[in-house]
Protein chains: 2
Amino acid sequence: MKRIALTAIAAAALLSGGMADAESPRGIMRGTGDLGIVIERAAGRVVVVETSTPSRLYTIDGLGDLSHASAVFSRDGRFAYVFGRDGGLSKLDLLRGEIAKRVVQAGNSIGGAISQDGRVVAVSNYEPGGVRLFDAADLEPLAEIAATAVDGKRSKVVGLVDAPDSKLAFALYDAGEIWTADITDPRAPRVSRHRDIGRLPYDGMITPDGRHYVAGLFGEDGAALLDLWRPEAGVRRILDGYGRGEEPLPVYKMPHLEGWASVGDLAFLPAVGRHEVLVVSMSDWREVARIPVHGQPVFVVARPDGRQVWVNFAHPRNDTVQVIDVPSRSIVATLKPGPAVLHLEFTPRGEQVWLSVRDADRIDVYDTRRLERSASIPADKPSGIFFTARAGRIGY
Amino acid sequence: MKRIALTAIAAAALLSGGMADAESPRGIMRGTGDLGIVIERAAGRVVVVETSTPSRLYTIDGLGDLSHASAVFSRDGRFAYVFGRDGGLSKLDLLRGEIAKRVVQAGNSIGGAISQDGRVVAVSNYEPGGVRLFDAADLEPLAEIAATAVDGKRSKVVGLVDAPDSKLAFALYDAGEIWTADITDPRAPRVSRHRDIGRLPYDGMITPDGRHYVAGLFGEDGAALLDLWRPEAGVRRILDGYGRGEEPLPVYKMPHLEGWASVGDLAFLPAVGRHEVLVVSMSDWREVARIPVHGQPVFVVARPDGRQVWVNFAHPRNDTVQVIDVPSRSIVATLKPGPAVLHLEFTPRGEQVWLSVRDADRIDVYDTRRLERSASIPADKPSGIFFTARAGRIGY
């Protein structure tokens, strides 16, 4: 029965995206360190991939609305937790190639995180607002953090990330607050609130060391910074010009803050509404340079060694990817992978980068040294790409 | 037949170290992201462990002389490559719990590395000197880098590490040189030599970003630094006082340079022959502070988020571990795990640290937030601890 279903999926994939590969057998004993998933948004499906060959293994279907879907991984790398826009939380068994458990936990959600110890999966919700905590093993609910603003209304929650010492950090869009939650006891999270951080925080990121949480503000220029090593110092405003420009262009897409690249003491981040990447010193959070680029940047991602930063762009310039050489802060390559490059993900040691070329129904794999395409993998309108190495990293 | 052999090993382990756990079944489908190995040096054996529970799974025997043994991992996390002092190179299948392949590749070796793409395992040798390259799949030899000094003699090779862009870096002990090798074509490595870097480099390390290679000098004070982003600038001398002290103590054990901790722009490193940890700025490679500690430090290791640095010590003070709080640069805990704490390894997100307490035949697992022991695992005279997360990191 399952075999038939899989064959049907494979056939459908073949028709829709020209995918010629036969599916790999499921349920095989193998390492999980080189696995990943690619979101096929329109089909409500993911492709399980491996980066050693590289190749696609099989698909897992039935995941609902995967617009803006993201994923985190169990600490053993076997399971992916996929957060769907429709409130669906799906635990995927990457080895068996099937859904291990799926719950629809809210009406509208926007991402999630996994706790430092891997025991708790947290989901941030728009409708109803708040954060819900689930047991990573069976997705049973553990607790809810209501994220109630001063006026008693629930707030949409954005920018949810894990932090060291069993913490979560997130921002309340409607309330203009940043909260941290200590989930050492996940049935009784202890919340710390930071009020009046600025209007309408729309996303958040945490630095790779898990120390600094930054929320971008939609309602005003600038960003809000919380030093988790010194929470008693409170939230301070940084990057006062962020989001502003002398001649602002129409903003096609708010850049993801998770798209910030951190290289040593510098952060590379997408300018809002401008064809620029900003370079900011993380010691004083001041802008130190602007690098002109091809379009409005969406994701600005550092190669794991920090030698290069790769940038993709908003519509209508999203057929292009540029590579910034970090020491010289100059563009060393302008690549044209194809129409609608939506996302990019590096292998853990950075020798490859995978790009979703949505409108070509293709994932392109680039050799980051030669700056040339080394492989192409068919996929049906691919969007997000997530590798299991995220399991071992803070803030993923 | 295999079953009997395993049972015998388990029984022997039980007798020798008081290990009460039954062995877990081998050959089970599971994720590999939470696996690791612990070296049981005296027994020529490793214990396969997992950090989620945490627990020991089973042992793999027959690995020869494991003095100073180290290990790297395949990029899928399934296989460990163990480098023995006797020149043995063993590929262990962590899922099947058995040796997949073993070769004795030299008379006396001192460590190894795996290439960025995971395809090549490199071993650095004392006797005969040089570096040998092997196919990671089957351990077939690919090439040899003879490491011949100007006088035509072969040099012992130390401090071998992988580096981005398909490179290796290592130091020639006898010749006083640092070499890099581009192993894009592993059958024809292309070597770059840096001469006259100082007398008797005894070990080397690479910064976590893979940019700076540092070799410690045994024959004189100081260290040698190569910036791999600017190799044409050559090697320069740093830390002129390193290894020197106004009132030097007898050096019980040369500290491992792999024991340097990198936290943001700072490196924390063991003073040689002194009861101090040095703090060095990595922007100008100058010493900025000294932290008095309990004994002569051996390993100085940062928690992955950089908030803490853990230190163990040389004989006779090796029953103690101290924890440095990075922001205040002060000791926040002095722990006494037991006699002969030889090594320590953090889980990838840093919530646990594992300590080998050799003379208590025990691995202790500490909760890094509470600074308390959370678990103990029996092991027979444990030394090195290596987790599969190293597969995704540069320089491991």
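The table below gives the values:
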read-out: Of the criteria (1) open to solvent by 10 Å² or more (accessible area, probe 1.4 Å); (2) over 19 Å from the mean Cα position of the chain (by Cα); (3) away from chain A (no Cβ under 14 Å), which one B:GLY129 fails; value: (1)
read-out: Residue list for segment B:338-357, restricted to those being charged (D, E, K, R) and free of Cβ contacts under 8 Å to residues at least 60 places away in the same chain; value: B:ARG349, B:GLU351
read-out: In segment B:67-90, the residues that are outside any strand (DSSP E or B) and either aromatic (Phe, Trp, Tyr) or in contact (Cβ under 8 Å) with a residue 24 or more places away in the chain (or both); value: B:SER67, B:HIS68, B:ALA69, B:SER74, B:ARG75, B:ASP76, B:GLY77, B:ARG78, B:GLY84, B:ARG85, B:GLY87
read-out: Residues being within 14 Å of chain B (Cβ to nearest Cβ), in a strand (DSSP E or B) and either over 25 Å from B:VAL161 (Cβ atoms) or not charged (D, E, K, R) (or both) - total across segment A:346-376; value: 8
read-out: Residues (over 24 Å from B:PHE134 (Cβ atoms) and in a loop (DSSP other than H, G, I, E, B)) located in segment B:181-195; value: B:ARG195
read-out: Exclusive hit being of a type outside the set (Asp, Glu), open to solvent by 10 Å² or more (accessible area, probe 1.4 Å) and touching a residue at least 40 places away in the same chain (Cβ under 8 Å), set B:LYS167, B:LYS153; value: B:LYS167
read-out: Meets criteria (in contact with a Pro (Cβ under 9 Å, 6 or more places away or on another chain), in a loop (DSSP other than H, G, I, E, B), surrounded by 18 or more Cβ atoms within 10 Å (Cβ to Cβ) and not aliphatic (A, V, I, L, M)) for B:ASN318; value: yes
read-out: Residue ID - surrounded by the most Cβ atoms within 10 Å (Cβ to Cβ), chosen from residues in segment B:196-228 that are assigned to a loop (DSSP other than H, G, I, E, B) and among the β-branched types (Val, Ile, Thr); value: B:ILE197
read-out: Residues of segment A:58-116 that turn out to be within 14 Å of chain B (Cβ to nearest Cβ) and not hydroxyl-bearing (Ser, Thr, Tyr), as a count; value: 20
read-out: Inter-residue pairs, beta-carbon under 7 Å, first over 20 Å from A:GLN322 (Cβ atoms) and in segment A:359-380, second of a type in the set (S, T, N, Q) and modelled with pLDDT under 95, 6+ apart; value: A:ASP380/A:SER16
read-out: Sole residue being open to solvent by 10 Å² or more (accessible area, probe 1.4 Å), more than 18 Å from the chain's Cα centre (by Cα) and at positive phi, chosen from A:ASP367, A:ASP361; value: A:ASP361
read-out: Long-range neighbours under 8 Å by Cβ, at least six apart or interchain, first residue open to solvent by 10 Å² or more (accessible area, probe 1.4 Å) within segment B:92-105, second of a type in the set (D, E, K, R) and modelled with pLDDT under 95; value: B:GLU98/B:LYS2; B:VAL104/B:ASP86
read-out: Residue identified as assigned to a loop (DSSP other than H, G, I, E, B), more than 14 Å from every other protein chain (Cβ to nearest Cβ) and buried (at least 18 other Cβ atoms within 10 Å of the Cβ) among B:ALA122, B:ALA43; value: B:ALA43
read-out: Pair list, Cβ under 6 Å, 6 or more apart: segment A:284-303 residue within 27 Å of B:PRO164 (Cα to Cα), other residue small (Gly, Ala, Ser) and not in a loop (DSSP other than H, G, I, E, B); value: A:VAL288/A:SER281; A:PHE299/A:GLY259; A:VAL300/A:GLY259; A:VAL300/A:ALA261; A:VAL301/A:ALA261; A:ALA302/A:ALA261
read-out: Looking only at segment B:136-150, and only at residues there that are assigned to a strand (DSSP E or B) and open to solvent by 50 Å² or more (accessible area, probe 1.4 Å), the one that is nearest to the other protein chains (Cβ to nearest Cβ); value: B:PRO141
read-out: Residue, modelled with the lowest pLDDT, within segment A:213-226, restricted to residues that are within 17 Å of the chain's Cα centre (by Cα) and not β-branched (Val, Ile, Thr); value: A:GLY216
read-out: Answer from A:ARG358, A:ARG369 - the residue that is farther than 19 Å from A:SER262 by Cβ and touching a strand residue (DSSP E or B) at 6+ places or on another chain (Cβ under 7 Å); value: A:ARG358
read-out: Set B:THR334, B:THR388: member being away from chain A (no Cβ under 14 Å) and among the polar types (S, T, N, Q); value: B:THR334
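The values are calculated or read from the model by the stated rules, or taken from the named source; none is laboratory data. Please read all numbers here as calculations on a predicted model, not as lab measurements. With ideal geometry, Cβ positions are generated from the backbone for all residues, glycine too; neighbour counts draw on all protein chains shown. Heavy atoms of the whole protein, side chains included, go into the accessibility calculation; ligands, DNA and RNA do not. Shrake-Rupley method; radii C 1.70, N 1.55, O 1.52, S 1.80 Å.
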